[in-house]
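Undergrad: Okay, handing you the structure first.
Bear in mind that the values in this text are calculations on the coordinates, not laboratory data. Source: prediction; values computed, not measured. Counting neighbours? That spans all protein chains shown, and the Cβs are built from the backbone with ideal geometry, glycine included.
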């Protein structure tokens, strides 16, 4: 009897997985998998203005949604906020992708109370997302934690997802996620953007993202069509580079996105002016192409000549980059030499695509074939940095202490484990 039942279940399973033609069910097509519907998806939280009093939300639906709204309220211990939530209409714009026509919707919440929890949901009055919770930034200097990711780029859903989730597991109270470019591999391929949103899932809905574009966000010199519809970011940089060259001041830190793909000289002048009137104790830059590269053949000498003197002049604390698909971290650098009071430069990679590394004198710590995320914490005059592997293993660490004149003192906290390097 048991044998008969086992055979019967096997037959039923085979029938369920085969078509009438006798062929196995094919893989779900990208068009079917990433089809927009009236139900909101690809919801992402960002900032386009003051992080202490505003928040921006962007999401996607099918074109049938013509009256998108966001509802929001101060978070409570119970669910009574549902009855008193404010409803705000959203801006919509169409996006024709290689798979579908979709509508992207965005709204910016204003007048929020600093350092306070809020809830929101998006929809059309009939189809709603879940209620998501986030916290506004503090109005002035306060302890700040964020997570930095190098290139995700390839096999995003299958192999990058565990890295962003591990980062959240280690820093669930992070104020934002910083992405140093090449979030995807093919600029206008909707399937890859769908993977990127699905990989982070609800994390993107609860922690704001701070992305800078890489070369794979560009097709030639043209920014991909997804970037601006799906990210609502500041337009306080060069007018010709809205939402790719921008900055935010958050809890005593100025965080700047430079678009290293285009108009580098013009951005250098803009950066010099911006940092000449910087009231913040700490300054962090992010852009995609490193000015200290982890392989000689990938050196960006022209970009370094334009931007590093400005970085030195204004005593920038850290520069966070990607592009080289390896890991390299400097000690304090001024120009190409190690000096007290310089800048920490980092090249990192969070996705599975890996290149060769060529160890150079500037590298205090390096790695090949290692998916990493970095947790950075700033509290008063102390900055702590930890780079962890996809397994959560501590791979690199240091501490910066800021003096009264603005220079930093570095204390290495590198764990006593060998560097991850390829066998020669």
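Undergrad: How high is the FRET efficiency from residue 411 to residue 273, r the C-beta distance, R0 35 Å, rounded to 0.05?
TA: Working: r = 33 Å, r/R0 = 0.94.
The calculated FRET efficiency here is 0.60.
Undergrad: Please give the per residue volume of the convex hull enclosing the alpha carbon atoms of region 33-135, rounded to a whole number of Å³.
TA: In region 33-135, the Cα hull volume divided by residue count equals 100 Å³.
Undergrad: When 216, 100, 179 are ordered from fewest to most other Cβ atoms inside 10 Å of their Cβ, what list results?
TA: Fewest to most other Cβ atoms nearby, the residues stand as 100, 216, 179.
Undergrad: Using only Cα atoms, locate the centre of region 357-424 and the centre of region 100-132, then give the distance between them in Å, rounded to an integer.
TA: The two parts, judged by their Cα centres, are 36 Å apart.
Undergrad: What length, rounded to one decimal in nm, is gained on full extension from residue 116 through to residue 334, with 0.36 nm per residue of separation minus their alpha-carbon distance?
TA: Taking residue 116 through residue 334 to full extension adds about 74.6 nm, to one decimal.
Undergrad: Mean-square fluctuation check for the chain, GNM, Cα pairs under 10 Å: which of 293, 350, 403 is largest?
TA: It is 403.
Undergrad: Next question. Any chance you could run the full-extension gain for residue 31 through residue 401? It's 0.36 nm times the residue separation minus the Cα-Cα distance, nm to one decimal.
TA: So the extension gain works out to 128.1 nm.
Undergrad: Further, regarding this structure: Whole number please: convex hull volume per residue of the Cα set in region 90-206, in Å³?
TA: 136
Undergrad: Sticking with this structure for a sec: Roughly how tilted is helix 2-17, in degrees to the nearest 10 and between 0 and 90, from the longest Cα axis of the chain?
TA: The two axes meet at around 70 degrees.
Undergrad: So the label point goes 7 Å from the Cα of residue 101 along Cα→C-beta, right? Which residues of region 37-76 then have their backbone N under 11 Å from it?
TA: 63-64
Undergrad: Hey, another quick one. Bin all alpha-carbon pair distances of region 267-316 at 5 Å intervals from 0 and give each bin's fraction as a whole percent.
TA: Cα pair-distance distribution for region 267-316, in percent: 4, 18, 30, 23, 13, 8, 3, 1.
Undergrad: Quick one: compute the contact order of the chain, relative version, from alpha carbon pairs under 8 angstrom and 6+ residues apart, as a percent.
TA: Dividing the mean separation by the residue count of the chain yields 13 percent.
Undergrad: Give me the one-decimal nm value for the distance between modelled label points at residue 62 and residue 38, 7 Å along each residue's Cα-to-Cβ direction.
TA: In this crude label model, residue 62 to residue 38 measures out at 0.8 nm.
Undergrad: Would you calculate a helix-derived [θ] at 222 nm for the chain, using -39,500 (n - 2.57) for each DSSP H run of n ≥ 4 and dividing by the full residue count, to the nearest 500?
TA: Rounded to the nearest 500, the figure is -5000 deg cm²/dmol.
Undergrad: With r as the distance between the Cβ atoms of residue 381 and residue 86 and R0 = 56 Å, compute the FRET efficiency 1/(1 + (r/R0)^6) and round to 0.05.
TA: About 0.90, to the nearest 0.05.
Undergrad: If packing is taken as the average number of other Cβ atoms within 10 Å across a peptide's residues, how do 271-278, 46-53 rank, most packed first?
TA: On the way: 271-278: 14.8, 46-53: 20.5.
For the peptides 271-278, 46-53, the packing ranking is 46-53, 271-278.
Undergrad: Could you give me the radius of gyration and the Dmax of region 304-424, taking only the C-alpha atoms into account and expressing both in angstrom?
TA: So, for region 304-424, Rg and Dmax equal 14.4, 46 Å respectively.
Undergrad: Same structure, new question: Report for region 144-412 the percent antiparallel among DSSP-assigned beta bridges with both residues inside it, nearest 5.
TA: 65
Undergrad: Neighbouring Cβ atoms within 10 Å as the yardstick, rank 72, 168 fewest first.
TA: 168, 72
Undergrad: Given R₀ = 60 Å, FRET efficiency for residue 422-residue 236 by Cβ-Cβ distance, to 0.05?
TA: 0.90
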